[in-house]
Amino acid sequence: MKALRWFVRFLPTLFMALILAVIVWVSAVSSSDPNEEREYAAPIPVTVLGLDPDLIISGQFVDEVKVTIRAPRSVQERLAVNPDAVHAFINLSGLKAGEHTLEPQIAIDLSPTRVTLVSPAEIDLRLENILSKEVPVELRQTGSLPIGYEAGTPVLSQETALVIGPESQVQKVEHVVASIDLSSVITSISRQVDLKAIDARGVIVNGINLSPTQVNVEIPITQLGGYRNVFVKIVTTGQIAQGFYLTGILADPPTITIYSTDPELAANMPAFIETKPLNLNGAVEGFQKDVSLNLPEGIVVVGDGKVTVQVSIAAIQSSILLTGLPVEVINLGPGLKAALSPERVDVYISGPLYLLDKLNQADIMVRLDLANKTPGTYQLIPTVTLADLAINVDSILPASIEVVVTR
C-alpha cells in the first residue's frame, strides 16, 4: 500500500519526465533530419478505379497531377530517386453517366509524409454509356483505270463492322468506309484496306473503336478486247562519235496501250512497237527527242501516242604519260641564276580520250615559281598548266625539284 501511494505521488513527475524525453528526442531527430517541403516536377499518372464496365470516360480529362510533399529530408531524398512510390488515383465507384468533378487521392509508400498541395485539386470528366452498333462497310473507289481496262464486282472480306465507344460518338457514325485508289491499276487487286468511321458530313469520327479495323478488298481488273499493252522498242541508226560511249537510252513512256477494231489483230501482234529510226551519227553529248512509232496497219495508239527518247552519252576516259617535259622558271629575281635538278619531269594526266588524242606538248606547261627567292637551295613543287580544264594532272615525277639560286 505504501509503495502504491509513493507511485501515485510521483506519477505527475514521471509523466513530465517522459514528455520532456520525447521532446528532447523529437528535437534531436528534427535537427539531424529536418522536415522539408518539395514540389515534384515529374507529374504523377492518375489511375482510374471503380469504373462501371458499362460506362466509358468520354473525351479528354486530366490524367496527371503534380504534388507537393512535406517530409523529413531523408524521406524526400528517397522519394526523389523512387518517384514510383507516389500514387494518384480517382475512384469512380457508384458514379453514373454524366459530368463529374473528383478530387485526386494521393498515396505514398514512404513515411512520415504529408501531401500539402495537389495540382490540379479537382479533375472534371464525363462518363457515358458504352454503345455498340453494326454498320455496313462501304467501298469507295477513287481514281480512274487506264483506257481499255474495266473493273469487275469488288469482294470484301467483311460486309459489316462493329462500332464501339461512347454513346454520343457512336451515334454520329453514319458510314464505315474503305477507300481504294484505282489510278494506273492494270492488274487485279487484292489488298488490305483500313476502315474509317465517318459522320453525315464525311468527317472522321474519333474516340471510337472499330472491329475489324481492316478488310481485304479484291477487285478483278480486265483488259477490254482490242486493247493491249506493249513496250516501246527504240530503233537507232548511225554511230556516236569516236571516243564516246552510250550510257543509256530510254523511252518515255516505256509502254503504251494500242487498240484495234480487230481484237485478233491486237492479240497476235508482237509484245513491242518499234520507233522510227533515231539517228545517233556523230553524237558527242546526250539529248532527247520526240520520235514517231512504226505502227502496223489497223493499229492505233491510245492517247496522244507521243514517245520521247532520252539518250545519255559520255566521253571515254583514259590516261597517258608525258615524259621529259621541260621545267620553266618564272619570277626569278634580277641578277639571279637558278640551277634545277632535274630540269625535266614526267607527268601523268587523265581525261576524255578524244582530248588526250589531240593533246600536244605546246598545250602543257610545267613551271617553277621562284618569286621572293634569295640565293640558296630549295626543294620546290612544280605546277602544271593545261590548255583544257577537262584534263586532270594525276602526278608529277619527281614530285619536287631541287633549285639552287645564285648571283
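Tabulated data
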quantity	calculated
Evaluation of residue 247 against (1) touching a residue at least 60 places away in the same chain (Cβ under 8 Å); (2) surrounded by fewer than 17 Cβ atoms within 10 Å (Cβ to Cβ); (3) over 30 Å from residue 356 (Cβ atoms); (4) in contact with a Ser or Thr (Cβ under 7 Å, 6 or more places away or on another chain) (one fails), failing number	(3)
Test result for residue 267, among the small types (Gly, Ala, Ser), closer than 30 Å to residue 351 by Cα, more than 40 Å from the chain's Cα centre (by Cα) and outside the structural domain of residue 147 (by TED's automatic domain parsing)	no
Hey, residue 274 surrounded by fewer than 16 Cβ atoms within 10 Å (Cβ to Cβ), more than 50 Å from the chain's Cα centre (by Cα) and not in a helix (DSSP H, G or I) or not	no
Test result for residue 371, part of a loop (DSSP other than H, G, I, E, B), more than 53 Å from the chain's Cα centre (by Cα) and either over 25 Å from residue 314 (Cβ atoms) or β-branched (Val, Ile, Thr) (or both)	yes
Sole residue being outside any helix (DSSP H, G or I) and surrounded by 15 or more Cβ atoms within 10 Å (Cβ to Cβ), chosen from 265, 210	210
Index of the failed condition, residue 258 passing every other in (1) β-branched (Val, Ile, Thr); (2) buried (at least 16 other Cβ atoms within 10 Å of the Cβ); (3) within 39 Å of the chain's Cα centre (by Cα)	(3)
Hits in the stretch 277-293 - residues which are under 23 Å from residue 228 (Cβ atoms) and either surrounded by 12 or more Cβ atoms within 10 Å (Cβ to Cβ) or not assigned by TED's automatic domain parsing to the domain that holds residue 234 (or both)	291, 293
Qualifying positions in the stretch 175-207 - outside any loop (DSSP other than H, G, I, E, B) and basic (Lys, Arg)	191, 196
For residue 392: the one exception among (1) over 47 Å from the mean Cα position of the chain (by Cα); (2) modelled with pLDDT of 90 or more	(1)
Test: residue 110 is touching a helix residue (DSSP H, G or I) at 6+ places or on another chain (Cβ under 6 Å) and either surrounded by 13 or more Cβ atoms within 10 Å (Cβ to Cβ) or in a loop (DSSP other than H, G, I, E, B) (or both)	yes
Conditions (1) outside the structural domain of residue 392 (by TED's automatic domain parsing); (2) in contact with a Ser or Thr (Cβ under 8 Å, 6 or more places away or on another chain); number of the one not met by residue 339	(1)
Conditions (1) among the charged types (D, E, K, R); (2) at pLDDT 90 or above; (3) surrounded by fewer than 14 Cβ atoms within 10 Å (Cβ to Cβ): number failed by residue 2	(2)
Looking only at the stretch 231-256, and only at residues there that are part of a strand (DSSP E or B) and touching a Phe, Trp or Tyr at 6+ places or on another chain (Cβ under 6 Å), the one that is farthest from residue 146 (Cα to Cα)	233
Any hit, the stretch 223-230, residues being within 30 Å of the chain's Cα centre (by Cα), part of a strand (DSSP E or B) and surrounded by 15 or more Cβ atoms within 10 Å (Cβ to Cβ)	no
Cβ-Cβ under 7 Å pairs, at least 6 apart or on other chains, the stretch 142-154 side among the acidic types (Asp, Glu), far side assigned to a loop (DSSP other than H, G, I, E, B)	150/224
Residue match in the stretch 130-152 (condition: in contact with a helix residue (DSSP H, G or I) (Cβ under 7 Å, 6 or more places away or on another chain), in a strand (DSSP E or B), under 19 Å from residue 49 (Cα atoms) and at pLDDT 90 or above)	no
Selection from the stretch 304-342 of residues that are in a loop (DSSP other than H, G, I, E, B) and exposed (fewer than 11 other Cβ atoms within 10 Å of the Cβ)	304, 334, 335
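Each row is one residue, and each column tells you yes or no for (1) buried (at least 17 other Cβ atoms within 10 Å of the Cβ); (2) outside the structural domain of residue 96 (by TED's automatic domain parsing); (3) under 30 Å from residue 318 (Cβ atoms).
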position: 146; (1), (2), (3): yes, yes, no
position: 150; (1), (2), (3): no, yes, no
position: 162; (1), (2), (3): no, yes, no
position: 188; (1), (2), (3): no, yes, no
position: 195; (1), (2), (3): yes, yes, no
position: 215; (1), (2), (3): yes, yes, no
position: 241; (1), (2), (3): no, yes, yes
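The values are calculated or read from the model by the stated rules, or taken from the named source; none is laboratory data. Predicted, not measured: the structure shown is a model, and the values here were computed from it. Virtual Cβ from ideal backbone geometry, glycine too; neighbours counted across all protein chains shown.
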